[in-house]
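Below is one structure, written out as structure tokens; comments come after it.
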Amino acid sequence: MEQRKGFKDPVAIADYLELRGEMRKRVIQRKDFPLHIPLRIAEKMPKGCISNPLALQFLPLDDELKGGGVIDPVGDRKSQKSDALLHKYEGRALLLTTGACAMHCRYCFRQNYPYQSSIDEAISLISKDLSIKEVILSGGDPLSLSDKALKDIMLRLEEIAHVEIIRFHTRFIVGIPERVTAKFLDILAKCSKQVVFVVHVNCIEELDEDIFLALDQIRALSIPVLTQSVLLKNVNDSKSALYRLFWKLATKGVIPYYLHQLDRVTGALHFEVPKSKGLKLISELRDCLPGYAVPLFVQEIPGHPSKTVIQSLLN
Ligand SMILES: *Cc1c(COP(=O)(O)O)cnc(C)c1O
Ligand code: SF4
């Protein structure tokens, strides 16, 4: 399929980006979390460079071989109610619909998750637990599923009276906005529950007008579109990078929801920004952006009943 064209081979992407010498040698392939870059993202990467915000997020580099960190930094395994259901927070449960993504973000905290598809069991558990009012379709990326598979999941959730909100957590649209087809929009439009979209986006370099047009079509269905970002060293850890991102989103009617402190997964520690710097950046942004365009700076601490808002260095 044309829209799925992209890169999975380190040699091919190194050739495409015209990487030579030392730079080229730094590109690695990891069997456990292979390179996966959609064409649209690759086209936005400057040639002959591995230190721009896009290459840093998606090119597997030798930095990943450094030790440290943990396999499951957010305690997903402990909150597993079944292979595909995480129930960590009151009222909200997260359905791991698939392990597939449109792209492999090198800092992904779920890169080691043992995905299995047992959606039936998960939906049956949701139907029996009256406390679950919102189901988050996550993964992987729920938009990796076919329209047919997504429609099936949504129809089954719609049958459960106590589920009132269906939330999508997705990054797919940033790599492949063409995924927002008329058929997909029709599924959203016919959904009898409130739908909410949370799109993962980290820097303005990832975005373009096609992506905003796709988000506009979703917003046109009275579906709120929010974003979540991860604070990443040399990608978005400056006032100017975050300002440009959040202001752009605000001008497009998209509301920045969360800025996450990095989850310390093995192979991603080179992305870590000190919390003190994150706090300073958020405070500077508060001075120059509308309040609604400044996301909550949060961290996921295993065992806590919600994401923890970082307001001081004490937490
Ligand atoms: C982040 C997360 C949620 C959603 O939390 P909100 O604060 O409501 O956005 C739900 N379940 C799990 C397992 C999560 O990691
Ligand atoms: S899109 Fe999300 S789940 Fe997929 S690799 Fe990126 S961060 Fe991980």
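The values are calculated or read from the model by the stated rules, or taken from the named source; none is laboratory data. Treat the numbers as computed from the prediction; the structure is a model and nothing was measured. All Cβ positions, glycine included, derive from the backbone under ideal geometry; neighbour counts span all protein chains shown. Side chains are part of the model used for accessible areas, which takes the heavy atoms of the whole protein and leaves out ligands, DNA and RNA. Shrake-Rupley method; radii C 1.70, N 1.55, O 1.52, S 1.80 Å.
Below are the figures for this structure:
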{"item": "The listed residue being in contact (Cβ under 8 Å) with a residue 12 or more places away in the chain and more than 22 Å from K88 (Cα to Cα), out of P142, P177", "result": "P177"}
{"item": "Selection count, region 1-22, where residues are surrounded by 18 or more Cβ atoms within 10 Å (Cβ to Cβ) and of a type outside the set (G, A, S)", "result": "5"}
{"item": "Scope region 259-278; condition closer than 20 Å to P295 by Cβ and open to solvent by 40 Å² or more (accessible area, probe 1.4 Å); matching residues", "result": "E272, P274, K275, S276, K277"}
{"item": "From I71, I41, residue being open to solvent by less than 30 Å² (accessible area, probe 1.4 Å) and within 16 Å of ligand 2 (Cβ to nearest atom)", "result": "I41"}
{"item": "Flag if I218 is within 16 Å of ligand 2 (Cβ to nearest atom), surrounded by 20 or more Cβ atoms within 10 Å (Cβ to Cβ) and closer than 28 Å to L157 by Cα", "result": "no"}
{"item": "For K31: the one exception among (1) over 23 Å from the mean Cα position of the chain (by Cα); (2) open to solvent by 60 Å² or more (accessible area, probe 1.4 Å); (3) of a type outside the set (S, T, N, Q)", "result": "(1)"}
{"item": "Qualifying positions in region 187-205 - open to solvent by less than 30 Å² (accessible area, probe 1.4 Å), touching a Pro at 6+ places or on another chain (Cβ under 8 Å) and away from ligand 1 (no atom under 16 Å from the Cβ)", "result": "N202, C203"}
{"item": "Members of region 221-231 that are within 13 Å of ligand 2 (Cβ to nearest atom) and out of contact with any Pro (no Cβ under 8 Å at 6 or more places or on another chain)", "result": "V230"}
{"item": "Answer residue from region 61-80, given it is more than 12 Å from ligand 1 (Cβ to nearest atom) and not in a loop (DSSP other than H, G, I, E, B) and is farthest from L39 (Cα to Cα) among those", "result": "V70"}
